[in-house]
Amino acid sequence: MTSTKEPSFRESVDLMFNRAASLMDLPPGLEQKIRVCNATYTVRFGVRLRGEIHTFTGYRSVHSEHMEPVKGGIRYALAVNQDEVEALAALMTYKCALVETPFGGSKGGLCIDPRKYEEHEMEQITRRFAYELAKRDLINPSQNVPAPDMGTGEREMAWMADQYARMNTTDINARACVTGKPLNAGGIAGRVEATGRGIQYALREFFRHPEDIAKAGMSGTLDGKRVVVQGLGNVGYHAAKFLAQEDGSRIVGIIEWDGALYNPDGIDVEAVRSWIVKHGGVKDYPDATHSANGSSVLEADCDILIPAALEGVINLDNADRIKAPLIIEAANGPVTAGADEVLRKKGTVIIPDMYANAGGVTVSYFEWVKNLSHIRFGRMQRRQEEARHELIVSELERLDRYLGDAWSMSPDFKAKYLKGADELELVRSGLDDTMRIAYQSMREVWHSRDDVEDLRTAAYIVAIDRVAKSYRAKGL
Ligand code: NAD
């Protein structure tokens, strides 16, 4: 994706790390220890499909074990390689530290084009990959817990969890070996939407701080803001849908693998999603202009740009033409280190990946806790909470009768107040809280230090400091 004059994805992550570390007072040995990737396992395995043996290459990289289990998604794409997996594992370490999920960082990948295989073939391949990882404890509820990433979802996670359970029949916590599972296989409500939901919560928190909005040269709220999103997959679709439906933002551009749609009056996200499901891409979608060169729409006039597909899409070739004053990195590593510098000089505000897309790992954490506790969130408290609310409501009803026409309860107050929180509401509440607190920890560094120009450096400083403290507590 990036031009040859730019560093690789992993080097880009290291450069960003170094920028932050140079502003910190870390013992030099510790700085190096945190930066390096602890181990990367490469596996090549064969699967008999359509009468012949196909060989696949997969990776699982463990960046830092300062906390265990280590956590990170598994990506299925043809472009998966060791450099990419290590970069993504490093980002997981910093992301988990920033949003205070008690995990080290890991990531996995399989070189495969999932579109080329039937469902039963994907199951065979995934089970074999999971077997190879599980037998080396690279899938394990207490040591290494994968999750979905590009090209994988609930289906793959369910196969992996089942494969692990077959290999570990007496492990009572087997379900906690991966997250992002379907609800009926030990998943949690709200995990599928979590990363996109996190993008929405991150933007809402950004727009609660007038000083930060001003730094991007903007004003107002999310209402009416023009948004361009790249990638209408799990993350991009949910982010765009929630921003349009619940915050009044206008989705003016959608970029997919087969080109981009643009309509200054707004695009119906749900309709485009259905179009993609039916036709495989965005081409020929009727209610917007299609351009075959999708990435040109990254440069369109808009308020908020949400790259939610691949790494390296904003690079030295196009950075100076990006018009959006605010970029929120829903994908991992969409802005290269070189482009980051160009944009910083231009005054573009970037809400960094390590924070912006942490909704996924946050809700994965809730799922893992749910699996270990073997009980759905809210199951014990919900009806008791409702019974207590009932007491107040009946008193208010008594007052209502007593006061006659002088006062009455708002029409939907009773129904809203009486309803105890279900798992989905609790998950959203926990996610919202996490996104707000993590943003505040970043912005405190951003605003309190003259030598910190941007949110990314601030995010790295917060994360590195926490990882360093963990290592020190272990006596390193
Ligand atoms: P996904 O596979 O569901 O969606 C990716 C989308 O990008 C697809 O619609 C695909 O068609 C599109 N795409 C592929 N190539 C493209 C191109 N060249 N131009 C434009 N669009 C293209 O993946 P996802 O889970 O939504 O992940 C997207 C990004 O978000 C990745 O960087 C991933 O690491 C990151 N992320 C995902 C999660 C999660 O919970 N799924 C969590 C954190 C970060």
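The values are calculated or read from the model by the stated rules, or taken from the named source; none is laboratory data. Only a predicted model underlies this, so the values are computations on that prediction, with no experimental measurement involved. Here Cβ is always computed from backbone atoms with ideal geometry, including for glycine, and neighbour counts include all displayed protein chains. These area figures cover heavy atoms from the full protein model, side chains too; ligands, DNA and RNA do not enter into them. Shrake-Rupley method; radii C 1.70, N 1.55, O 1.52, S 1.80 Å.
How many nm separate the modelled label positions at ARG449 and ASP258, each set 7 Å beyond the Cα in the direction of the Cβ?
So the label points at ARG449 and ASP258 sit 4.7 nm apart.
Would you mind getting me the FRET efficiency between SER410 and GLU390? Use the beta-carbon distance for r and R0 = 22 Å, nearest 0.05. All intermediate terms of the calculation are to be shown ahead of the outcome.
Working: r = 17 Å, r/R0 = 0.78.
Rounded to the nearest 0.05, the efficiency is 0.80.
If r is the Cβ-Cβ distance from ASP171 to ILE375 and R0 is 25 Å, what FRET efficiency results, to the nearest 0.05? Mind showing how you got there, number by number?
Values: r = 18 Å, r/R0 = 0.72.
That gives a FRET efficiency of 0.90.
About its Cα centre, what dipole magnitude does region 54-193 give when the only charges are +1 on Lys and Arg Cβ and -1 on Asp and Glu Cβ, stated in debye to the nearest 20? Intermediate values should be presented prior to the final figure.
Details: 16 positive and 19 negative charges, 33 e Å.
Computed about the Cα centre, the dipole is about 160 debye.
When the solvent-accessible surface of protein heavy atoms is calculated with a 1.4 angstrom probe, in what order do MET380, MET160, MET409 fall, highest first? Write down the numbers at each step before the final one.
Details: MET380 150, MET160 0, MET409 35 Å².
The most accessible residue leads, giving MET380, MET409, MET160.
Could you give the nm distance between label points at LYS346 and GLU11, where each point is 7 Å from its Cα heading toward the beta carbon?
With each label placed 7 Å out from Cα toward Cβ, I get 2.3 nm.
I need to check one value: relative contact order of the chain, counting alpha carbon pairs closer than 8 Å and at least 6 residues apart, in percent. Walk me through the intermediate numbers first.
Working: 910 pairs, mean separation 77.5, N = 476.
Over the chain, the number comes to 16 percent.
Measure out, as a whole number of angstrom, how far apart the alpha-carbon centroids of region 257-299 and region 1-72 sit.
Between the Cα centres of region 257-299 and region 1-72 lies a distance of 33 Å.
As an exercise, take the mean of 1/r over every pair of distinct alpha carbons in region 201-297, invert it, and state the Kirkwood radius in angstroms.
Values: mean 1/r = 0.0720 Å⁻¹.
Taking the inverse mean of 1/r over all distinct Cα pairs, region 201-297 comes out at 13.9 Å.
With the radius of gyration and the Kirkwood radius both derived from the Cα set of the chain, what is their ratio Rg to Rh? All intermediate terms of the calculation are to be shown ahead of the outcome.
Working: Rg = 23.2 Å, Rh = 23.5 Å.
A ratio of 0.99.
Using helices alone, I'd like the mean residue ellipticity at 222 nm for the chain: each DSSP H run of four-plus residues gives -39500 (n - 2.57), total over residue count, nearest 500. Don't skip to the answer; put the middle values down first.
On the way: 16 runs with 214 residues, N = 476.
That comes out to -14500 deg cm²/dmol.
Using packing as a proxy for protection, rank 92-101, 290-299 so that the peptide with the highest average count of other Cβ atoms within 10 Å comes first. Let's see the in-between values first.
Working: 92-101: 26.6, 290-299: 16.9.
Result, highest mean first: 92-101, 290-299.
Once neighbouring chains are kept in place and the probe is 1.4 Å, which whole percent of the accessible area of region 217-347 is contributed by carbon and sulfur? The partial results should precede the final answer.
Values: 2460 of 5020 Å².
Taking all protein chains in place, region 217-347 shows 49 percent carbon and sulfur surface.
Please compute the modelled spin-label separation between GLU118 and GLU52, points set 7 Å along Cα→Cβ, answer in nm with one decimal.
Placing both labels 7 Å beyond Cα along the Cβ direction yields 1.7 nm.
Might you tell me the accessible area per residue for the chain, computed with a 1.4 Å probe and given in Å²?
On the way: 20480 Å² over 476 residues.
Ligands and nucleic acids excluded, the result is 43 Å² per residue.
Across region 217-347, how many lysine pairs separated by 8 or more positions, or lying on different chains, have Cα atoms within less than 23 Å? Don't jump to the answer; show the numbers that get you there.
Values: LYS225/LYS241; LYS225/LYS323; LYS225/LYS346; LYS241/LYS278; LYS241/LYS283; LYS241/LYS323; LYS323/LYS345; LYS323/LYS346.
Within region 217-347, the lysine pair count is 8.
Could you work out Rg/(2.2 N^0.38 Å) for region 313-367, with Rg from alpha carbons only? Don't skip to the end; give the middle numbers.
Details: Rg = 12.8 Å, N = 55, 2.2 N^0.38 = 10.1 Å.
Relative to the rule-of-thumb radius for its length, region 313-367 sits at 1.27.
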